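Before any comments, here is the structure.
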Amino acid sequence: MEENLLEIRDLAVEYHTDDDVIYAVNNIDLTVKKGETLGLVGETGAGKTTIAKSILRILPPLQAKLMSGEIIFDGQDVLKLSEKEMRKIRGNRIAMIFQDPMTALNPIETVGYQIAEAIKQHNKIHRSEADKRACDMLEMVGIPMDRFDEYPHQFSGGMKQRVVIAMALACNPGLLLADEPTTALDVTIQAQVLDMMRSLRTRLDTSVILITHDLGVVADFCDSVAVTYAGEIVERGTARHVFKSPGHPYTLGLFGSLPRLNSTERRLSPIKGLMPDPTDLPKGCRFCDRCPEASEQCREAPPAGVETEPGHIVKCHLAKGAG
Amino acid sequence: MPALLEVRDLKKYFKTKGGMLHAVDGINFALEEGKTLGVVGESGCGKTTLGRTVLHLLEPTDGKIFFEGKDITTPTKNELHDLRAKMQIIFQDPFSSLDPRKSVSESIMEPLKLRKKHSKADMLKEMRELMDTVGLAARFENSYPHELDGGRRQRIGIARALSLKPKFIVCDEPVSALDVSIQAQVINLMLDLQEERGLAYMFVTHDLSVVKYISDDIMVMYLGQMVEKAPSDDLFSDTRHPYTKALLSAIPAPDIDDKTERILLKGEITSPVEPKPGCRFMARCRYAADGCEKPQKLEEHAPGHFVACCRHKEI
């Protein structure tokens, strides 16, 4: 049994606004092993980014309320750490790549300076040494060193995302949170960036949580998958289990909604309806209003997780346990 | 059967500081009634400019456009007014393409109002029918765009485009901003409408799996030029152009046993400002050879399947 690098237990996050309470993340459990890549899949508003931000504790402090749970990273509960201790972790042992490389970089500093800044923040080393390491990082993500003194606007979208990745990996973090890192890029550039991330994660032995809505990227890149819906994880397991024998009706619906290159069907089978309003969630199963199989039981009581295969957990009343 | 829309050697250049930007550079195609032409390519390849030039939202630099057999390259003001009713557009971003101060019903009725041919009662009736057609519940009639989600907003965009009973609609990335489950709903709606009304679509997108699904013919663009055009199934089963091959292989399939070998392209898209006369894909192409420095001619590889690559037979 490999060691868990990250373990999230019973995490619940709410956003309080003037009129409403938004139930963004509702009692989720999640584990990431050392060296594992987890794909966190779901649609807009499912709570994917909120989970990632909770791990780094960068939720908006005025609205976000942490209701329960613990996040154990390398044996420590990050939710119990002081702000000073947390700062030593952020960008150093846990790093994050944001979706939009255009806004993640400072437009008035050179890219080299921005990477070196991250290194200097966490290591007591001389400026010139930090610059040298930043150069190495640029080379590693496939950008020639002589572009060290250029500004973000001189780079294309794909190149900017490489700079952001170089910055995130500069301190050799144990865990990388990648929030839709390739969504803003063209497919041929996406293929280049994913290929680069793949070789880097093996070289640096980094665990990755990849947040995405693209099931193709998950199949290509991830070891395990967690499917989020309305703030819950409705299904999780190895990528093979989830793709080969999806257990939750929502996961099945997602697969049915995808246009495929190798199919000859003339009609897609979408999931009917919309995601429930996160201020007013159904009291039973969150998916019951859109589920073709929903029964009275689904409307009344929230389902518990059922282990359909070893390590493959499905949160549905209709799921059958193994054996 | 004469084509509904025909475009001959269409060019659209923009003046920039560095010289002429060749956004659309010599595009030819014909589209029949009730058919869909998919236009794919990466950002900056000129696909949106092409759609807009065909609709006269941008004036073409050179070339000819025919609609219903008539030359519409330089329409008079009155002709353009009539054309607008027959040719419509659905925009990518349902958040910025709707007037935030107009209710759903006002947005859908606006094209009818501008035609000044309908009484108020007619317009209301028409608007309700349209809402029903695109699957918007009547209770949203007086809602404003900010109250609705992306899928519903895109339905308003579709209803508005349909209101003047067009024959041809340019769909500029209509589902790219939507989540997959909603995307599937909207694609199905567009297919239904095409069957019922015999609409012709020009479907502009970067998403190849969506385009395969909806198109009869697919055109692949690279830096303003067409590199390959073929019937939808042919393009995927018998891919000829090295760029199309790389593009197709780059799409990760939602299948855990997918063994497609990715063709990783070197570098990135080059600049369309004052391009050299040869093949524009040459700098990134793994098959580049001497002949590639000359302008590439479009050859018919199979019936209806055109390729602009001098080495397409060898590779």
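Tabulated values for the structure
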| item | result |
| --- | --- |
| Any hit, the range A:61-72, residues being basic (Lys, Arg), at pLDDT below 95, buried (at least 21 other Cβ atoms within 10 Å of the Cβ) and in contact with a strand residue (DSSP E or B) (Cβ under 9 Å, 6 or more places away or on another chain) | no |
| Some residue of the range A:31-39 being within 14 Å of chain B (Cβ to nearest Cβ), closer than 20 Å to B:Asp179 by Cβ and within 15 Å of the chain's Cα centre (by Cα) | yes |
| Of all residues making up the range B:243-280, the number that are more than 23 Å from the chain's Cα centre (by Cα) and among the β-branched types (Val, Ile, Thr) | 3 |
| Residues within the range A:56-95 that are part of a loop (DSSP other than H, G, I, E, B) and more than 18 Å from A:Ile8 (Cβ to Cβ), tallied | 7 |
| Scan of the range A:96-116 for residues that are of a type in the set (Ser, Thr, Tyr) and either loosely packed, with under 13 Cβ neighbours inside 10 Å or part of a loop (DSSP other than H, G, I, E, B) (or both), ordered by number | A:Thr103, A:Thr110 |
| Number of positions in the range B:236-270 that are part of a loop (DSSP other than H, G, I, E, B), touching a residue at least 40 places away in the same chain (Cβ under 8 Å) and within 11 Å of another protein chain (Cβ to nearest Cβ) | 3 |
| Cβ-Cβ under 7 Å pairs, at least 6 apart or on other chains, the range B:129-156 side under 14 Å from B:Asp93 (Cα atoms), far side small (Gly, Ala, Ser) and outside any loop (DSSP other than H, G, I, E, B) | B:Ile156/B:Ser107 |
| Number of positions in the range B:261-288 that are closer than 15 Å to B:Leu247 by Cβ and touching a strand residue (DSSP E or B) at 6+ places or on another chain (Cβ under 7 Å) | 2 |
| Matching strands (runs of 3 or more DSSP E) fully within the range B:147-235 where at least 2 residues are out of contact with any helix residue (DSSP H, G or I) (no Cβ under 7 Å at 6 or more places or on another chain) and more than 13 Å from chain A (Cβ to nearest Cβ) | B:225-231 |
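Each row is one residue, and each column tells you yes or no for (1) within 13 Å of chain B (Cβ to nearest Cβ); (2) over 22 Å from A:Tyr23 (Cα atoms); (3) in contact with a Lys or Arg (Cβ under 7 Å, 6 or more places away or on another chain).
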residue: A:Thr251; (1), (2), (3): yes, no, no
residue: A:Leu254; (1), (2), (3): yes, yes, no
residue: A:Leu261; (1), (2), (3): yes, yes, yes
residue: A:Leu274; (1), (2), (3): yes, no, no
residue: A:Thr279; (1), (2), (3): no, no, no
residue: A:Cys288; (1), (2), (3): no, no, yes
residue: A:Ser295; (1), (2), (3): no, yes, no
residue: A:Cys298; (1), (2), (3): no, no, no
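The values are calculated or read from the model by the stated rules, or taken from the named source; none is laboratory data. This is a predicted model, so every value here is computed, not measured. As a convention, Cβ positions derive from the backbone with ideal geometry for all residues, glycine included, and neighbour counts pool all protein chains shown.
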